[in-house]
Structures are given as C-alpha cells and as structure tokens.
Amino acid sequence: MAQKLKSGDRLRPVDLAREHGLSTQAVRNYEESGVLPAAERTPHGYRAYTPLHAGALRAFLALVPGHGHRTATSIMRAVNRNAVDEALHLIDGSHAELLEDRRTLRAVERALQDLDGAADPGPVAATGAATGAGSGRGSTFIGPLAGRLGIRPATLRKWERAGLVHPVRDPGTGYRVYDDAAVRDAGLTHQLRRGGYLLEQIAPLIAQVRAAGGPEPLEATLRDWHARLSARGRAMLSGSAELESYLRETEHRSAPDR
C-alpha cells in the first residue's frame, strides 16, 4: 500500500515558488507540463503539494543549465511516468553532445595552429587542385571542399555572401577556386558553426585572423568556449545529483508499507 499524504507534508504552490524565486503560476505550469507529478487536491479544490514535488522542482531546475529546458522537461516527464530508462537515455544524449562539443573545440584549436597555410593541405588538394588559379597548394573547387567538410556547396556560397570565405574565380571557367587561405577560413567557419557560433559572430573573428595572421585574436573566444563547456559539464553533475535524490524519494514513497 502506497504512503498517503499527511497533513504535515502539504505544501502550497507559493511554498514551492518562494524557494526558487518563481511565480505560483510557473509552479502550476510545471505540474501541467508533467515536470511535477500531479498534485492531490484539498476538499476545497486547492492543490496540495508535498516534499516530493519540491524535490521534483529542484531536480528540474538543476537539470536545465546542463541539458536545456526542453530536454530537462522531457527527462522529468519520463521519470514521473516511471520511464526511468527513457530519462537516462536522454541524459546520455546530452553527455554525448557535450563530448562532441569538446571534440569540436579541439578541432578548432588544431585548425588555428595552421593559419599560415604552410601545412599539408591533405585531401582537399588531392581531390581536385585548380590549375592556373590561386597560388597555394590547397587550391580546390567548391565541390571537393564541400565534400571534405561534409556540407553542401550552397553552404559555402552562403558563407561567401556573409564575407567569411573569399574564393577567387578561375580565369578560364569562371568557377570558384578556394586557395589555402579560403580553405582555412572555410574550415574555421565550419568548426565555429559546430561550436554554436552564429555567422555574425564568426565574421569579426575571421577578419581578425586574416589581419593578424595568427590565432591570437581567438584566444579569448577559445577560453570562453572552454569555460562554457566546463560549466555545462559541472551543471550536468549537479543536475544528476538532484535527480538521483528525487528518484530515491519516489522509490521510497512508492514502496509498500512494512
């Protein structure tokens, strides 16, 4: 037999709201959206929350910084309908995204090590070096470059319109040709986009790199990126701790009386 609500356990919406600086309507909205389990009602029709609901709210608010509002909502909904494996799958997905973001950051840092264009251009040059256009060993056309980056040629044209990449034109065919500098800028833009930066945020960084000829202008950005990833990782730890506490409480309350 599940434990019944005791009068001493009853909490009003305002009690939950005050702890986190929320409005009572926000608390009710969280219940309606499934973030909180359904509340019992008093004989007068008022919601009667419990410490379990307070724990659910703490868990949700702790999950948001690391997982985002949408995923945190899905996690709590799954837990509250006893689909714990589904909730853990969502958590695993967020950790996988964080790992991929860290890999992207490392890729950006590696790309910045070669801003002088002296490194071996690798697969780009091998897939179709453009003769008679561009002076670098990495000169290539739009198709091979897009293929190497795993994007569409239309994306490279969009970046060109945004001033992020400056290909030249082959004098014989009129085709776009990407020299070492353009290949570098395209690769850097691609990595920064994967890191969550908008085109308008990338443009001044690319301009600074071109002007300085080195990675120094991006050092502050990279430090900030590292800090944001670390903060997200620690937020995930905090969220997991609160969620574990909530899971233990739900298990305790659903256990039969002995």
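Observations on the structure shown:
- Residues R77, R41, sorted so that the one with the fewest Cβ neighbours within 10 Å comes first: R41, R77
- Extension gain, A207 back to A241 (0.36 nm per residue minus Cα-Cα distance, nm): 7.9 nm
Read-outs throughout are calculated quantities, based only on the coordinates presented, and are distinct from any laboratory measurement. Quantities reported herein were computed from a predicted structural model and do not represent experimental measurements. FYI the Cβ positions are ideal-geometry reconstructions off the backbone, even for glycines, and counts take in every protein chain you see.
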